[in-house]
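K.L.:
First the structure, which I've put down as structure tokens, then a few questions once you've had a look.
Where a number appears in this text, it was derived from the coordinates with a stated rule and is not lab data. Just so we're clear, the structure is a prediction, and the values are computed from it rather than from any experiment. Neighbour counts run over all protein chains shown; Cβ positions are idealised from the backbone, glycine included.
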Amino acid sequence: MGRFCLYRYRKPPGRRPGDDPNGEKERFRKSEAFSRPWLFLQFRHIGAGVTPCQDDNTLQYQNRRENRKHIDTVQQLFLHPRDLDIDAPHLFWTSPPDTVLLWSLDRLGQTTPALVVTTDGRPILAAGSRRAAALRELRGRPLAAMAVTPDELAENDPDQPLGVRLGLAYLASNLGRTVTEAMLVAAGRYFTAQTTREDFFALAGPYVFAPGDRLARLVARWLDLPPACDALLVSGHVPLGAAELLADCAADTLEALLPLLTAVRWSRGSLGNVLTWLTEAARLGGERPAALLARSDVPALCARELSPNDLAAGIVAALRRLRYPATTTLEARFATLSRQLLPGGSRIKLRPSQGFEADTVTVEVTVRRPAELAKAAAELAAMAAAPALPRLLTIARDAEEPA
Amino acid sequence: MSPAPWNITRLVVDAPVADTTMAARAKAALPLAQQIILAPDTPLPAGPDHGRTLHIKAHKGRFLRPCPATRNYRCCGYQIIHIGENCPMDCSYCILRAYFRDRTLTAFANTGAMFEELGRAFGRDRTRTFRVGTGQFADSLALEPITGHTRELLGFLAAYPNVILELKSKTADLTWMEADPHPDRVLPAWSLNAPAIVAAEERDTAPLEARLAAAKTCAAAGFRVCLHFDPICRYPGWETGYGAIADMIFDYLKPRDIAYLSMGSFRCLPELPGRLLAEGRALPAYMLGEFTLGQDGKKRLLRPLRVEQFRFLSDRLARHGFSRGLYFCMESDEVWREVFGHTTRSLGGLSAHLLDVACNRGG
């Protein structure tokens, strides 16, 4: 493993941005730095000196002597930020600079150098893309960078292609950063485009997965999905935990599901239920899940302007109806008859027997005052005389054929 | 060289029963099997790499016990003579998968103790008729060519005319007839199912034609037979399948040849589908039905769907002139009422009714 793994996350000193004497207190209270102050001012020890750091983490050398020797050989460059490609694929976790970083660079200057790799052509930015992007916005300021040769980059993995070493360097520069599920998959996509999946887990795995981490297995399954699905993770519509469920779907099923997946936010459990119902109903009907889904109520539901909660409930109910037509028909009929028997606002609740096995109905009354009980008693008496009651009691008998 | 029956490659005999007739018969019937005499308190060795084990041992508990029914559904009152455990056939729906941890076949060789207990029970009041069977925790006849268990039992029961023994099987074995029992005292019985279910879900069982041919042989010998549609499975095309087997019965038998015929919808412990998947088998389509948790804690098909199948089958059987001995295995009064228009109460109780149809050839 290269020298980058020598950095280790250390809880940063708790200097608060609100201590700033120049009247910036209010501005910081509203900023991300106020809630995460250690992102604002951090320090990294380089050699004997102390240098402010604008990286996302506080990093500490594990072996200061070894690194001082290395730093003595590192070339320092000042580059125009527009001369660097800040959207290169190996910068797979890059994001636009936030106001805090812009403010910090504006007020304090660049406190931590970026890392570039010198080549015959343009230097390649290996770490520091947000700083470079921020300096582009601020204009007129060069990007301070440490420059290494390709051979010096991830020198313990010299046989790996430059793309892999750039990716490893980028991961190392981001050690300690909070890594989301989408970021794990983004890293996986990058590395598996450069090398084998096995190499990804062997080389990059230690940077992002704990030993025996189930996330690694889930990422591996997610990588079986088309890259277009990654947007579902980024947007938070589908959790990584659903990787196996989706990866087990046939391509046409997955394609048919995409509108549903993007329509509402899914938990692994609810998505698991929906997929099970869909595939089982399709198997029972002898058709493809995609075809069954297309002729279900679901596409129409997605086209309606429902609230996310109503849409999610509607989709789940529609797919359950597909899988359990007889059960859901009985449930719906029971609900309809119950409404006929009970006035609105009644404190009486009616429940069918378990699984409609018996010709019985459970009547439940909740009261807080004697008057409420008297009212419920009157409602019960009316219910006993209602013509709908015998139908409710025998609801599972002579049931109509399920649709 | 003929293959080992039921692929039994290891015969383990517990030392205390090593000198029994059954052990000797098993050794003779399984000459190629590895034979082990197991000393007392020695655990059963792990199953062989290939094939399966037949374990001949003594049963230490009660031999005669009631069917493990639940009180929420109507039971036929069948009493079990416990001759062994597990089955060499492999049916995806089999409840024995849930009852037993492995596939070791067990036969109880301490028949002396069994006959002593049965003699006490059956001899106490000889005016009381018992309807008993051996097909609850094992197939009644699957191991008969190896153990001779049923022949031994029939020999013992010859002294008890108040006992009617039902022999329930999916084989076509008729070696038990060598014991020459009185035809009124034995009810040979076969499980039947739709041809598609037999083909796909019942491994190593006798073909339907062979079962019905065996039943016909019994009928010709003066025995009345029992038939069991259990489990009735709901799968695409079930009407055609169950219609075909219902018709097929009467190609071999006359309605008066059948003492009684049961119908039971597929039900299982909730963990059964998981066990099948763990064995690497795909879930059969019939396990994807609309199930609910019954009052006995087992999954069973939603009531209207069960009723639909029961009505279909009972109508088909009635068309062939069979209805008197038709009953449900473990169903509720609601279902009895819906399908037959009455409950077991009007029959004087199911157990008494079946005893009546078993004893009286009323057709």
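K.L.:
Per-residue HN-Hα couplings for the range B:325-334, Karplus 6.51 cos²θ - 1.76 cosθ + 1.60 at θ = phi - 60°, whole Hz, x for Gly and Pro?
P.N.:
x, 8, 8, 9, 8, 6, 10, 8, 4, 4
K.L.:
In percent, what relative contact order does chain B have, based on Cα pairs under 8 Å that are 6 or more apart in sequence?
P.N.:
It comes to 15 percent, rounded to a whole number.
K.L.:
Something else: Could you line up B:Lys168, B:Lys60, A:Lys375, A:Lys349 from fewest to most neighbouring Cβ atoms inside 10 Å?
P.N.:
Ranking B:Lys168, B:Lys60, A:Lys375, A:Lys349 by Cβ neighbours within 10 Å, fewest first, gives B:Lys60, A:Lys349, A:Lys375, B:Lys168.
K.L.:
Please list, in order along the range B:264-279, the HN-Hα scalar couplings obtained from phi with the Karplus expression 6.51 cos²θ - 1.76 cosθ + 1.60 (θ = phi - 60°), rounded to whole Hz, x for Gly and Pro.
P.N.:
Working through the residues one at a time gives x, 6, 4, 9, 7, 5, x, 7, 4, x, x, 5, 4, 4, 5, 7 Hz.
K.L.:
Still on this structure, please answer the following. Could you put A:Thr112, B:Thr21 in order, starting from the residue whose Cβ has the fewest other Cβ atoms within 10 Å?
P.N.:
Starting with the residue having the fewest Cβ neighbours, the order is B:Thr21, A:Thr112.
K.L.:
Report the gain in length on full extension from A:Asp213 to A:Lys349: 0.36 nm times residue separation, minus Cα-Cα distance, nm rounded to one decimal.
P.N.:
Net length gain for the segment: 44.3 nm.
K.L.:
Further question: So how strong a dipole does the protein assembly as shown carry about its Cα centre when Lys and Arg Cβ are +1 and Asp and Glu Cβ are -1, to the nearest 20 debye?
P.N.:
Magnitude of the dipole: close to 2040 debye.
K.L.:
Now for a different question. Please name whichever of B:Gly297, B:Tyr160, B:Cys87 sits farthest to the positive end of the charge dipole of the range B:59-359, dipole taken about the Cα centre and charges placed at Cβ: Lys and Arg +1, Asp and Glu -1.
P.N.:
B:Gly297
K.L.:
In nm, to one decimal, how far is the A:Ala193 label point from the B:Asn7 one, both placed 7 Å along Cα→Cβ?
P.N.:
For A:Ala193 paired with B:Asn7, the spin-label model returns 5.0 nm.
K.L.:
What would the Debye formula give as log10 I(q)/I(0) at q = 0.08, 0.09 Å⁻¹ for the alpha-carbon point model of the protein assembly as shown, no solvent?
P.N.:
-0.86, -0.95
K.L.:
Under the Kirkwood approximation applied to all pairs of distinct alpha-carbon atoms, what is the hydrodynamic radius of the range B:1-126 in Å?
P.N.:
16.4
K.L.:
I've got another one for you. Give the residue from B:Ala189, B:Leu64, B:Leu276 lying farthest towards the positive end of the charge dipole for the protein assembly as shown; charges sit on Cβ (+1 for Lys and Arg, -1 for Asp and Glu) and the dipole is referred to the Cα centre.
P.N.:
Farthest towards the positive end: B:Leu64.
K.L.:
Residues of the range A:256-280 with the amide nitrogen closer than 17 Å to a label point 7 Å from the Cα of B:Leu283, along Cα-to-Cβ, please.
P.N.:
Backbone N within reach: A:269-280.
K.L.:
May I ask for the distance between the Cα centers of the range B:1-40 and the range A:292-359, given as a whole number of Å?
P.N.:
59
K.L.:
Also, I was wondering about something else. Along the positive direction of the dipole of the range A:224-323 (beta-carbon charges: Lys, Arg +1; Asp, Glu -1; about the Cα centre), which of A:Leu261, A:Gly236, A:Leu284 reaches farthest?
P.N.:
So the residue furthest toward the plus end is A:Leu284.
K.L.:
Give me the percent relative contact order of the range A:334-393, please, defined on Cα pairs under 8 angstrom at least 6 residues apart.
P.N.:
Averaging sequence separation for qualifying contacts and normalising by length gives 40 percent for the range A:334-393.
K.L.:
Moving on to the next point. Please list the equivalent ellipsoid semi-axes of the range B:231-349, computed as the square roots of five times the alpha-carbon gyration tensor eigenvalues, in descending order and whole angstrom.
P.N.:
Over the Cα atoms of the range B:231-349, the semi-axes work out to 27, 19, 12 Å.
K.L.:
Run the dipole for the range A:334-393 about the Cα centre, Lys and Arg Cβ at +1, Asp and Glu Cβ at -1, nothing else charged, and hand back the magnitude in debye, nearest 20.
P.N.:
Dipole size: approximately 260 debye.
K.L.:
Let me know the number of lysine pairs in chain B closer than 17 Å at the Cα, not counting same-chain pairs under 8 apart.
P.N.:
Lysine pairs meeting both conditions in chain B amount to 4.
K.L.:
Please work out the FRET efficiency for the pair A:Arg122 and B:Leu96, using the Cβ-Cβ distance as r and a Förster radius of 51 Å; give the result to the nearest 0.05.
P.N.:
0.10
K.L.:
Between beta-carbons, use under 11 Å as the cut-off and find the net charge around A:Thr276, counting Lys and Arg +1, Asp and Glu -1.
P.N.:
+1
K.L.:
For each of B:Ser140, A:Ser267, A:Ser307, count neighbouring Cβ atoms within 10 Å of the residue's Cβ, then give the residues from fewest to most.
P.N.:
By the 10 Å Cβ count, ascending, the order reads A:Ser307, A:Ser267, B:Ser140.
K.L.:
For the range B:1-57, what is the per residue volume of the convex hull drawn over the alpha-carbon atoms, in cubic angstrom?
P.N.:
Once divided by residue count, the hull of the range B:1-57 is 67 Å³.
K.L.:
Okay, next question. Less than 13 Å Cβ to Cβ from A:Cys249, Lys/Arg counted +1 and Asp/Glu -1: what total charge do the surrounding residues give?
P.N.:
-3
K.L.:
Among residues other than B:Leu153 whose Cβ falls under 15 Å from its Cβ, what is the net charge (Lys/Arg +1, Asp/Glu -1)?
P.N.:
It works out to a net charge of -4.
K.L.:
Right, next: For chain B, list the cysteines whose Cβ sits under 4.7 Å from no other cysteine Cβ?
P.N.:
B:Cys67, B:Cys75, B:Cys76, B:Cys87, B:Cys218, B:Cys226, B:Cys233, B:Cys268, B:Cys329, B:Cys359
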